[in-house]
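Encoded as structure tokens, the structure appears first; notes follow it.
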Amino acid sequence: MNSSSASTEEKAIQYLEDKYDKEFEVMYAKEGSKLFEDLYGGDVVTVNPKGEPDVIFTVKGSEEPFVETYLQAKWSQELQEKLQSDIEKELPKDTSYKVIISNTRMSNDASPNKPVEEVLKESDTAIVSIMAAIKTDGEPDVSQYNKGIYNLYNLLNGLGVNKYVVSVGFVDQSEDVTEYIRTSYVNNIPWTNLNAKVYGVIAIDERHNPDKPSDLINPEMILKDAKSVIENYSPIEE
């Protein structure tokens, strides 16, 4: 399979299966520039382990050494499962959400068996995010949700990482954004570019922490209490 005639997808899957001793499957692939790979990017294969449809990540390149993010996706799902009950009690029932760990800068040879708690403790660059889509019937009354969002913010703050983000999109109840949230680790699509009716967004991160407020953030938007969350709502214009 490693012959020159093998497709990038085949090579990527073989590389992953040799490295991690488990089966993977291709979700979809995007062909990159063959002549200007450094400028425009090479092939990108989106993958998940067989039987784990929510552990979604990418493999980049057309030949070894590939650049892949399996471990970050795995740790993201592991953290989501650990935080599941704490997250779901703060959100309306059936809200789609995703926990994402990025920028860990862990060694490419890091053990896949390393617990996520150790990863977050050892990495001073890791970013932990919660993406959530709250469905509403028309423009949202943010005061109905601000306390829950504030509690999610404090949940991430309590993990002890240096960088964390809560990103909530208020989506019309007629829209199905389940797949957008499920693939949010790899799709890089902001709420403003989503092909759905999104009324507005709340995005709050470590810079809003009242114990370490950033000079780059309007003082009115610092999270002094749950009501401060409302100040961070940004409507999306038609």
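Identify all residues within the range 162-179 that are buried (at least 20 other Cβ atoms within 10 Å of the Cβ) and not in a strand (DSSP E or B); write none if there are none. The one that is buried (at least 20 other Cβ atoms within 10 Å of the Cβ) and not in a strand (DSSP E or B): Val177.
Does the range 74-96 include one or more residues that are touching a Ser or Thr at 6+ places or on another chain (Cβ under 8 Å), touching a residue at least 24 places away in the same chain (Cβ under 8 Å) and aliphatic (A, V, I, L, M)? No, that holds for no residue. Taking first residues from the range 124-143 that are more than 27 Å from Gln77 (Cα to Cα) and touching a residue at least 60 places away in the same chain (Cβ under 8 Å) and partners that are of a type outside the set (D, E, K, R) and not in a strand (DSSP E or B), the Cβ contacts under 8 Å between residues at least 6 apart in sequence or on separate chains come to Val142/Val229; Val142/Ile230; Ser143/Ile230. Out of Ser85, Ser102, Ser96, one residue alone is surrounded by fewer than 20 Cβ atoms within 10 Å (Cβ to Cβ), touching a strand residue (DSSP E or B) at 6+ places or on another chain (Cβ under 7 Å) and not aromatic (Phe, Trp, Tyr). It is Ser102. Is it the case that the range 122-141 has a residue that's more than 15 Å from Tyr199 (Cα to Cα) and basic (Lys, Arg)? Looking through the range 122-141, none of the residues is more than 15 Å from Tyr199 (Cα to Cα) and basic (Lys, Arg). Between Leu152, Leu159, the distinction of being of a type in the set (A, V, I, L, M), surrounded by fewer than 18 Cβ atoms within 10 Å (Cβ to Cβ), out of contact with any Pro (no Cβ under 8 Å at 6 or more places or on another chain) and under 16 Å from Asp86 (Cα atoms) belongs to Leu159 only.
Output the residues belonging to the range 195-238 that are of a type in the set (S, T, N, Q), open to solvent by less than 70 Å² (accessible area, probe 1.4 Å) and out of contact with any helix residue (DSSP H, G or I) (no Cβ under 8 Å at 6 or more places or on another chain).
Ser234, the sole residue that qualifies.
Considering only the range 181-217, state which residues are in contact (Cβ under 8 Å) with a residue 12 or more places away in the chain and more than 23 Å from the chain's Cα centre (by Cα). Hit for the range 181-217 is Pro210, nothing else.
Among the conditions (1) under 20 Å from the mean Cα position of the chain (by Cα); (2) modelled with pLDDT of 95 or more, the only one that Lys60 does not satisfy is (2).
The values are calculated or read from the model by the stated rules, or taken from the named source; none is laboratory data. These numbers were taken from a predicted model, which means no experiment stands behind them. Backbone-built Cβ (ideal geometry, glycine too); neighbour counts: all protein chains shown. Accessible surface is based on the protein model in full, side chains and every heavy atom, while ligands, DNA and RNA are left aside. Shrake-Rupley method; radii C 1.70, N 1.55, O 1.52, S 1.80 Å.
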